[in-house]
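Some notes on the structure that comes next.
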Amino acid sequence: MKHLQRETAIVVYPLLIFYVLLVVRSAWISDDGMITFRVVENFLAGYGLGYNPFVRVQVFTHPLWMFVISLPYFVAGLFVSSAPNALFYIMVFLSVLFSLLAVFLLLSRISKPGLLPLGLAVLMLSLSNGFIDFSTSGMENPLTHFLLAVFVVAYLAENPNLFLLSLLSSLIMLNRADSLVLVAPALAYAWWTSAQRKSNLVKIFVGLIPMLLWELFSLFYFGFPFPNTAYAKLNTGVSGVSLALQGFDYFLNSINWDPIVFFSIGLAGVTLFFERNGKFIFLFAGVLLYLAYIVKIGGDFMAGRFLTAPLFLSTAIISNQLAAKRSQLVGLGVAILLGAFSLRSPLWASNMVLYLPTYPISDHNRISDQRLHYFGNDNKGQYNSFVENGFLNPELGSEFAGGEWHFTGFRQVYVADALGKPGYKKGPNIYVIDNFALSDPLLARLPAAEWSIGHFRRDVPDGYLETLETGENRIADPDLSLYYSKLQFVVAGPLNDWDRIVEIWKFNTGQYDYLLEAYK
């Protein structure tokens, strides 16, 4: 990477410091982020990639992020056998690091030089409550932002390397599968405008091999190509219309709580309407497709979480393409007004519950400001949420022997309302499932009894808890009992058994769906 010119560096580094200070000040780990903790522990202990030891159920949606976290945790374990809360510190450090690198690339390699475009880029991100919140949180967002930044840098080259773009697209998908929507139009445009389409098509295929290999591995190892969470949240019986309405409510929540997001997306669209740059138009097409996808799935219960990547790409477009200084000044002024004077501005949002007792943490659609929820009502500092909830307490792992992850056999079944901290604290010898079916393959395939977005509660079938506790199939319904027997063979049977491979084929081709008809 070329060194920054002195004039540019004078602008870039203070802006980076401003951004990082806001990120560190607001650093947190969500309960959903901690779901990955239990998987990492099982993986490094040799108990498989599942949430419960030796039960192959993929509860994580971010394979790449999970492996990135696992590596330094493994290395740390070679030197320090039992460092309290090491996963927490590693996850926060990596989140801040990738967030910093993403914004550095945005300022140094994507944005036009100058105080106005660089200042506008940083303020659009730094004054977005959602972007700052999910620059940490334990979710995969920071790594997605970094990979998107690298993708844009490679995409803007005079003659883009199609293999590199495809490889980056593959990594973006490995970090979160649906993020491929963001870059697919740009990748297609780069290929279509290339001089040698046939040979470049081969390069694209080769670059996608990591993602294809993971899908094959997932199909063989877990028995299914997608995470269990996808089946739990998409196989619900909730109508598409209801989900779409909830998705539009997710946008309304952002307009109300984090208005700079849709201002930035809109400004990117207006900028391209006048500039008509083909490369950036297709990059923006990915943003629009992703917004449509958000509507289709109903958004999320975490306010702003799914909008950080579209915001990042929109900011890249604006900082590179918004040429007129008058427009830059107007954009900067509006960004400051929307960001700095919003009650949820990252400049002071973490203190709002202290000063405003009626300050809402959730809206009427149960879309919530998750970081504020964990920071609680007595916020006194940057890691206060962890102090209050015991995240910095060395006794975090006190419920399992010595705080060490050692599996000796399941002692009981625990039904959790939240899989993160509660499930992690139970240790490996407690079989943990949840009412929202994130960790359980059978419940994930049953229709939801009730729902709010992101939480599709299932009724536990008669005899199912007894089945898990005893290891004997005691499910009352004969069709469901048969379905479970075959499903259990897939997720816990011998990996290389040919009969298991046959069952995987039957499940993924819908040959056992008839056994679930009584529950639909």
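Values in this text are rule-based calculations from the coordinates and carry no lab data. Small disclaimer: the values here were computed from a predicted structure and weren't measured. Glycine also receives a Cβ, built like all others from the backbone with ideal geometry; neighbour counts cover every protein chain displayed.
When you restrict to C-alpha pairs under 8 Å that are six or more residues apart and normalise by the size of segment 1-66, the relative contact order lands at 17 percent.
Under the 0.36 nm per residue contour assumption, what length would be gained going from the current alpha-carbon distance of ILE501 and ALA76 to full extension?
Working: separation 425, 0.36 × 425 = 153.00 nm, distance 3.71 nm.
Using 0.36 nm per residue and subtracting the Cα-Cα distance, I get 149.3 nm.
Oblate is the label for segment 398-519, because a/c, from the alpha-carbon gyration tensor with a ≥ b ≥ c as root eigenvalues, is 1.5 or above and a/b does not exceed b/c. Taking every full run of DSSP H in the chain, the ones that stretch at least 27 Å from end to end by Cα along their long axis and average -1.0 or higher on the Kyte-Doolittle scale are 6-25, 86-105, 278-297. Bridge orientation summary for the chain: considering DSSP beta bridges with both residues in this region, about 35 percent are antiparallel. By definition, a body whose alpha carbon gyration tensor gives a ≥ b ≥ c is prolate when a/c is 1.5 or more and a/b is larger than b/c, and the chain fits this prolate description. The length gained by stretching the chain between GLU275 and ALA418 to full extension, at 0.36 nm per residue less their Cα-Cα distance, is 46.7 nm.
Once C-alpha pairs closer than 8 Å and six or more residues apart are averaged by separation and normalised to the residue number of segment 398-519, the relative contact order reads 16 percent.
Show that you can apply the helix-only estimate: for the chain, add -39,500 (n - 2.57) for every DSSP H stretch of four or more residues, divide by all residues, and state [θ] at 222 nm to the nearest 500. Don't skip to the answer; put the middle values down first.
On the way: 24 runs with 296 residues, N = 520.
Taken over the chain, the calculation gives -18000 deg cm²/dmol.
Using a 10 Å cut-off around each Cβ, can you sort ILE260, ILE204 from fewest to most neighbouring Cβ atoms? Walk me through the intermediate numbers first.
Working: ILE260 29, ILE204 21.
Listing ILE260, ILE204 from fewest to most nearby Cβ atoms yields ILE204, ILE260.
Across the chain, the relative contact order, built from alpha-carbon pairs under 8 Å that are at least six residues apart, equals 20 percent.
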